[in-house]
Amino acid sequence: MRRVLNFLQAVSAEVLCWPSAADMARSKMAFLAKSGGKGPRNTVGCTDGSHVEILKPDEPTASYINRKKWPSIILQAVCNDQNKFLDVFIGFPGSIHDARMLRESPFFEEAAAKFGDCYIPGDSAYAMLPWLLPPYKDNGSSFFFEEKKDSTNTTASRRWPSKTALAF
């Protein structure tokens, strides 16, 4: 584990970089095409977290035990439509909620400036932010909800690059 983390840190500046304007335009078109033209515009990436199993630490382990009852640390990633990592943050204990990890990450502080009028879908663990779009919860109470439901149902399917990239 330590070797992998050291390697990732060594290559991170070269490998993990925010896309150029041309790359962002290409990602927007790719995500829109994947939704059949029905999904939200200006999607440039997606985010998700994954638990990385670790050996049981010598120190008190309660904070490392995740909701599935095994010790882990969390890896949070932002990926583009081609599964290229744009940002990775790792190391919080497995008991930490995804939303807290996002708030504590350097990416959170930089996101508003990086995204401009673009955004990324995330899962239901996250709150809606100007640049982050969690799945829409339909309570069936108005026309607006139905309209939005169609749009964010495709948002859930747009998350797949991060799900695929984190499937290790």
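Here, each number is a calculation from the coordinates, and none is a lab measurement. Treat the numbers as computed from the prediction; the structure is a model and nothing was measured. Counting neighbours? That spans all protein chains shown, and the Cβs are built from the backbone with ideal geometry, glycine included.
Using the Karplus curve 6.51 cos²θ - 1.76 cosθ + 1.60 with θ = phi - 60°, what ³J(HN,Hα) values do you get for each residue of the stretch 111-127, in whole Hz, with x for Gly and Pro?
Ordered by residue, 3J(HN,Hα) equals 4, 4, 6, 6, 8, x, 9, 9, 7, 10, x, x, 8, 5, 5, 9, 7 Hz.
With the cut-off at 19 Å, tell me which of the pairs K84/K114; K28/K114; K38/K84; K28/K84 have Cα atoms farther apart than that.
The answer is K38/K84.
Between R67 and F108, what is the FRET efficiency for a Förster distance of 22 Å, r being their Cβ-Cβ separation, to the nearest 0.05?
FRET efficiency, R67 to F108: 0.50.
Could you give the distance between the Cα centres of the stretch 1-44 and the stretch 56-72, to the whole Å?
31
In terms of modelled amide H atoms, which long-range or inter-chain residues lie less than 5 Å from the amide H of D48?
A77
Amide H neighbours of L133 under 5 Å, at least 5 residues apart or on other chains, H built in the peptide plane: list them.
HN-HN under 5 Å from L133: I120, G122.
Average the reciprocal distances over every distinct pair of alpha-carbons in the stretch 1-108, invert the result, and give the Kirkwood radius in Å.
Details: mean 1/r = 0.0643 Å⁻¹.
Every distinct Cα pair counted, the radius reaches 15.5 Å.
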